[in-house]
Amino acid sequence: MRTLEFKTKIRNNQIQIPISVRSEFKTNNDKNIKVIVLLDESDDNDDFLIRKNETAQFFKGYSESDSIYDDL
């Protein structure tokens, strides 16, 4: 099985096939294919890592003596 890899967008619940690979689909008409979709979550992951780092940095300045304020 050959692999085609490309980046595209979903519009109107349809995956847009780039012009550069459309000929592959025309010449392989009626063949079985397997579609794997990987959603790019790098922005979400970056935000999570930034928040995690900020929290860790915040608690570095926290000491046991500060715990007297926790129940206020």
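Each value in this text was obtained by applying a stated rule to the coordinates, not by laboratory testing. This one's a predicted model, so the numbers in the text were calculated from it and none came from an experiment. Here Cβ is always computed from backbone atoms with ideal geometry, including for glycine, and neighbour counts include all displayed protein chains.
Structure above, values below:
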{"item": "Volume in Å³ per residue [convex hull over Cα atoms, computed for the chain]", "result": "190"}
{"item": "Residue-averaged 222 nm ellipticity for the chain, from DSSP H runs of 4+ at -39500 (n - 2.57), nearest 500", "result": "-12500 deg cm²/dmol"}
{"item": "Partners for Lys26 among lysines (Cα-Cα distance below 27 Å; same-chain residues under 8 apart left out)", "result": "Lys7, Lys9, Lys34"}
{"item": "Student exercise, segment 5-71 dipole from Lys, Arg, Asp, Glu Cβ charges, in Debye to nearest 20", "result": "940"}
{"item": "In sequence order, calculated HN-Hα J values of segment 6-17 (Karplus, 6.51, -1.76, 1.60; Hz; x Gly/Pro)", "result": "7, 9, 7, 10, 9, 10, 6, 6, 10, 7, 7, 8"}
